[in-house]
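For reference, the structure discussed in these notes is given below.
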Amino acid sequence: MQYTSQIQKNMIDMLEAQFTQFRDQLDARDVASKNQTLATLPMPEHGAGLNDFYQFFNQHVAGNLSASNGGRYWGFVTGGANPCATFADWLVGLFNQNVAQRGDSIASELELHTLAWLCDLFYLPEEFKGVFTTGATAANVLGALSARQYVGKLQGMDVALDGMAGLAIEIYAATPHASMVQSLGMAGFGQNSWHQVRTLSNSEAMCADSLAHMLSNSNCKGKLVIASAATVTGTDFDDLKAIGQLCKLHGAWLHVDAAFGIFERLLTGPNGKTAGIECADSITLDCHKWLNVPYDCGVFLTRQPSYLVQTCDVQAPYLNTASGDTNFRSMGIENSRRFRALPVWATLIGYGKEGIKKQIQNNITSAQAFARWLAESEHYELVKSCELNVVLFRPNGSHSLKSVEACLAAINTSGRVFMTPGVWQGKPIIRAALSNWETSESDIKQVVTLLQALGK
Ligand SMILES: Cc1ncc(COP(=O)(O)O)c(C=O)c1O
């Protein structure tokens, strides 16, 4: 099959039909799909063509995809895909650039411009350089790897070239995201390698005084501190100013996982809850969360890009290009890279700083309205006051479904909303995270009606 004018026309017609159908039915669609059984078909010996693929997709797949792109998917920290980003993402597929090296396409320039705009959006100094990643997990891996190279250099070692045998490192964290723990394993430190820093009372945020004590008592030559802005359950922010000063004093690398919390900066500015993040050595953030661009799109930023390049760069004759500039493949895990910057660029152009700020504020306002209803409701307990976009609650003793597990299962099988479990201060809770740009008052009302009915 070739691209012909007929094929192109079919592609556009099918996309239009699918697009209209999906958008028109998004509100009615089950938020978590119930049927996930796919008929096993023999792989065709001879190509069946585009139309047959489309038929197959409609028959077996389309109806059973979830409405995770809609306003009532409140699991994990899940963003939607705004129109500018969705359209740009179609263009990414159409043009299919490989943003690996510089010198053969304007795509790498656009990635650099977009990263600079993100720094501007988040009040970060220009010295931060970075790279788009598949998500926050990949960015956290780059944080761990950059820190590894940094502590190696302090000890006269080049870990990227010679390995890490004999490397001395101590890692400190209070409530690291699971992906950060995973990253420590991937970097060769081990998932159990980190020292637990005490948290503040009724909070997941790090106690900076405890960190100060631990750092002062350490004789280790290499230190890495992992901070959160914000934690995924309590949405608690570590005191980055205090932690940054401690890291400077003790020569520790500071990595901040700010996957979604950095967006809070749009509301309160550089002196709000994330004050001090500009002193971090490296930062993780996610665009497929609160910037509402399609998967997959995270960002790694670092004030010390040389350690990242030392870690990721490798030479081979066939990789040499005319450009003397640093290539993106020398700043990340992948050699070949999707044109992830385009949907982000499109979103920043399409909505501007004010438009994005409004989306963040809307989600917080909606989450707080939902939390207020829970706090006053007959059958639920609001577990923690809602300060950002995550609401923690559980059924109380008067609820018809006694356990958190049974209540969550009933919520999710309703198909009207999707939430995920969590633990707060050692006890199970239900966690609702509102990060979709389309979540509206009507969504909140629908969920409240459902919860009211389930409680009785
Ligand atoms: C704080 C934090 N870090 C990292 C991640 C992992 O993000 P991703 O799924 O994009 O890898 C998440 C996801 O919810 C998160 O909330």
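The residues S210, S282, when put in order of fewest to most other Cβ atoms within 10 Å, stand as S210, S282.
Modelled spin-label separation between E405 and K34, with each label point placed 7 Å from Cα along the Cα-to-Cβ direction: 2.3 nm.
What are the GluC sites (Glu not before Pro) within region 69-136 that DSSP puts in a loop, where the Cβ has at most 16 other Cβ atoms within 10 Å?
For GluC sites (Glu not before Pro) across region 69-136 that sit outside H, G, I, E and B with at most 16 neighbouring Cβ atoms in 10 Å, the list reads E126, E127.
Output the Kirkwood hydrodynamic radius of the chain, Cα pairs only, in Å rounded to one decimal.
Details: mean 1/r = 0.0421 Å⁻¹.
In the chain this quantity evaluates to 23.8 Å.
With the highest mean first, a sort of the peptides 360-369, 163-172, 90-99, 47-56 on other beta-carbon atoms found within 10 angstrom per residue produces 360-369, 163-172, 90-99, 47-56.
Modelled spin labels at S216 and M1, positioned 7 Å past Cα toward Cβ, are 6.9 nm from each other. About its Cα centre, region 97-338 has a charge dipole of approximately 300 debye under the convention of +1 per Lys or Arg Cβ and -1 per Asp or Glu Cβ, with nothing else charged. Beta bridges per DSSP, both residues in region 97-338: antiparallel share near 45 percent.
Here r is the Cβ-Cβ distance between Q8 and L267 and R0 is 51 Å; the resulting FRET efficiency, rounded to 0.05, is 0.70. Partners of K289 within straight-line reach, counting lysines whose Cα lies under 26 Å from its Cα and excluding those fewer than 8 residues away in the same chain: K34, K129, K241, K273, K353, K357, K358, K384, K445.
Only Lys, Arg, Asp and Glu carry charge here, each on its Cβ (+1 for the first two, -1 for the last two); on that basis region 303-430 has a dipole of about 140 debye about its Cα centre.
Please identify the helices of the chain, taking whole runs of DSSP H, that span at least 24 Å along their own axis as judged from the Cα atoms and have a mean Kyte-Doolittle score of 0.0 or higher.
Working: long enough: 5-25 (30 Å, -0.83); 136-154 (27 Å, 0.52); 341-376 (44 Å, -0.04).
What comes out of the filter, once short or polar helices are dropped, is 136-154.
Taking each DSSP H run with n ≥ 4 as -39500 (n - 2.57) and averaging over every residue of the chain yields -13000 deg cm²/dmol at 222 nm.
What is the magnitude of the charge dipole of the chain about its Cα centre, with +1 placed on the Cβ of each Lys and Arg, -1 on the Cβ of each Asp and Glu, and no other charges, expressed in debye to the nearest 20?
Working: 34 positive and 40 negative charges, 151 e Å.
It comes to approximately 720 debye.
Across the alpha-carbon atoms of region 97-338, the computed radius of gyration and Dmax are 17.4, 56 angstrom.
Taken together, the values in this text are just the output of simple stated rules run on the coordinates, not laboratory data. Quantities reported herein were computed from a predicted structural model and do not represent experimental measurements. Virtual Cβ from ideal backbone geometry, glycine too; neighbours counted across all protein chains shown.
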